[in-house]
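Participant: Below you'll find the structure I mean.
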Amino acid sequence: MVFLFADDLGWTDVSTGNPNGGRGSKVYETPNIDRLAEQGMSFTYAYTQQNCSPTRASLVSGQYATGPDNGVYNVRSLARQDKRTKGFPDLPVIPPEQRKAIDDHGRSIFNMVQGAGLHTCFIGKSHGTPHPLGEGYGLDIPGDVHHILEGTVDGKPVKNQHYMALNDDQKGWTFLSKFIDRYAEPYDTTYIDTVLKPFRNGNELSLLKGTPKHMTDGIGDYSVDYIRQQTAKAEPFFLYVPFHAVHTNIVGRKDLVAKYAERGLNARDAEYAGMVELLDQTVGRILQAVKDPNGDGSFDDDQSAETLIIFYSDNGGMRGNGPLTGRKGVFTEGGIRVPLMIKWQGVIQPDSISNQAVHCIDFYPTLAEMLNVDVSDRQLDGTSFAEILTGEKTRLDRKNLFWHFPGYMDERLRPSSVILHRVGDEYYKMFYFYETETWELYHLNEDPGEKANLLEQRVPEQLNGLVRTMKRDLTAWLEDTQAPTGTWSKDGSPVPYPEVE
Ligand SMILES: [Ca+2]
Ligand SMILES: [Ca+2]
């Protein structure tokens, strides 16, 4: 099982149209991710939390932020200052406390897959998962890699270097990681010819010779070696690769950046395009390792029939998400709707598309069902979509997904709760804003950009029942999960749940 997890990759940042309703990027080229879509199932309503830690915490715990092991609502804190208002005395709600990472009880998604006899590997960004990883994780290889590097080069301190290996005076070439430092040497001819050349896509590889290595390549190197090693041992595995790419600072690989600059993109856009395509080529390398683990060019050892492969992003893109409104950090679709493709040769129909809404909490029960692990003793908030993947069902019985945010994240997010509700094949989404005690309702199928708040007009008769149901379901969920709301700064009284008549 291979879980490839991009950071901040937007809904329309991939060139395939399968996960985004035919709105694949015309600028960025992602042929390897596109091939994965052609070989598996894409989801057009794949959801996450609004940013890194909360999504990872939900994925790994199988719980909403409100869950007892979770409690991760935001990166850093629930009181991230609005850069314009500067300071909290002016803000109406004092947020509750939150966790920075999930409580580790040995019940994570890693422990679950270990229950099926899989060896687990985590290489990449930990954010929201315990850091350092607790013993309950039972991981042989904890992912502790960070993409911001510091060191001393030629006697001078280097701070805030993003992604590129450092030639540190003490450590030599390093990513500051005991796991991927062995891959930190600059690009040489052998590496270029044997590792990168098979994935060349109009990029001039000679530009890389002798230049420092990009961390995304280092993570790719590690992942390929891990697949090779596990296959040689005939030991089944769960390889979880939470890439740092394409999170800021935007740093592409030189040859790929040059490719897009030559096409006339400005420096900033070319850098981003080069970073997206580096992610794609690394995905290609990892997928190739599943097909030819020993790298001898023959597919006698192809693991595709035994290997479920997931490609997903942790939140919406930072640079626009097509017709969706908003970017990473918000509850409008641009913040929480991402590309998701899942391949399993012989099990999942190639080139298929599902518009069933799925969320990061759903992976835990889905993988458990596919691996036959009994998780009835766990508190899980998600629903298995294994039968969607196998084609036995086109719909989950589940009607609702929820989001809850009892605080402030700079200018992007204020205290609010959201319900996504399915009626047949249609999705409706309702927001509640605690400070103003107001609601908004959108019909996503007709209005993916969430431009027309249906509650602003006189609510059509036929929507009355739906509005009541959604308000009632959201309030019931808040009560059931005892979702924290904080207190009013004016008098210290608790912020109430919405009132539903
Ligand atoms: Ca992210
Ligand atoms: Ca082979």
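Participant: Look at region 154-190 and say how many of its residues are of a type in the set (A, V, I, L, M), in a strand (DSSP E or B) and within 10 Å of M215 (Cα to Cα).
Facilitator: Result for region 154-190: 1.
Participant: Let me ask something else about it. Quick check on region 242-249. Is at least one of its residues open to solvent by 10 Å² or more (accessible area, probe 1.4 Å), β-branched (V, I, T) and under 29 Å from E29 (Cα atoms)?
Facilitator: Checking region 242-249: at least one residue is open to solvent by 10 Å² or more (accessible area, probe 1.4 Å), β-branched (V, I, T) and under 29 Å from E29 (Cα atoms).
Participant: Something else now. Report, by residue number, each residue of region 156-176 that is open to solvent by less than 20 Å² (accessible area, probe 1.4 Å), out of contact with any His (no Cβ under 6 Å at 6 or more places or on another chain) and in contact (Cβ under 8 Å) with a residue 40 or more places away in the chain.
Facilitator: A165, L166, F175
Participant: I'd like the residue in region 268-323 that is within 16 Å of ligand 1 (Cβ to nearest atom) and outside any loop (DSSP other than H, G, I, E, B) and, out of all such residues, is farthest from V347 (Cα to Cα).
Facilitator: Out of the qualifying residues, it is Y272.
Participant: Which one of these is more than 16 Å from ligand 2 (Cβ to nearest atom) and open to solvent by 10 Å² or more (accessible area, probe 1.4 Å): V338, V358, V375?
Facilitator: Going through V338, V358, V375 in turn, just one is more than 16 Å from ligand 2 (Cβ to nearest atom) and open to solvent by 10 Å² or more (accessible area, probe 1.4 Å): V375.
Participant: Looking only at region 286-293, decide whether some residue is buried (at least 21 other Cβ atoms within 10 Å of the Cβ), in contact with a helix residue (DSSP H, G or I) (Cβ under 6 Å, 6 or more places away or on another chain), in the same structural domain as D362 (by TED's automatic domain parsing) and under 18 Å from S42 (Cα atoms).
Facilitator: Looking through region 286-293, none of the residues is buried (at least 21 other Cβ atoms within 10 Å of the Cβ), in contact with a helix residue (DSSP H, G or I) (Cβ under 6 Å, 6 or more places away or on another chain), in the same structural domain as D362 (by TED's automatic domain parsing) and under 18 Å from S42 (Cα atoms).
Participant: Of the numbered conditions (1) farther than 30 Å from S493 by Cβ; (2) open to solvent by 20 Å² or more (accessible area, probe 1.4 Å); (3) touching a Lys or Arg at 6+ places or on another chain (Cβ under 9 Å); (4) touching a residue at least 60 places away in the same chain (Cβ under 8 Å), E435 fails exactly one; give the number of that condition.
Facilitator: Condition not satisfied by E435: (1).
Participant: Going through D255, D181, D169, D225 one at a time, which residue ends up being among the charged types (D, E, K, R) and in contact with a helix residue (DSSP H, G or I) (Cβ under 6 Å, 6 or more places away or on another chain)?
Facilitator: Matching residue, one of D255, D181, D169, D225: D255.
Participant: Determine which single condition E235 fails, assuming it passes every other condition in (1) at pLDDT below 95; (2) touching a Gly at 6+ places or on another chain (Cβ under 7 Å); (3) away from ligand 1 (no atom under 16 Å from the Cβ).
Facilitator: Result: E235 fails condition (2) only.
Participant: Another question, then. Which residue pairs have Cβ atoms under 8 Å apart, sit 6 or more places apart or on different chains, and have a first residue in region 291-314 that is within 6 Å of ligand 2 (Cβ to nearest atom) and a second that is of a type in the set (S, T, N, Q)?
Facilitator: The qualifying pairs are D292/S298; N294/T231; D301/T231; D301/N294.
Participant: G316 passes all but one of (1) at pLDDT 95 or above; (2) farther than 30 Å from A79 by Cβ; which number fails?
Facilitator: Evaluating G316 over (1) at pLDDT 95 or above; (2) farther than 30 Å from A79 by Cβ leaves (2) as the failure.
The values are calculated or read from the model by the stated rules, or taken from the named source; none is laboratory data. This is a predicted model, so every value here is computed, not measured. Note: ideal-geometry Cβ built from the backbone for every residue, glycine included; neighbour counts use all protein chains shown. For accessibility, only protein heavy atoms count, side chains too; no ligands or nucleic acids. Shrake-Rupley method; radii C 1.70, N 1.55, O 1.52, S 1.80 Å.
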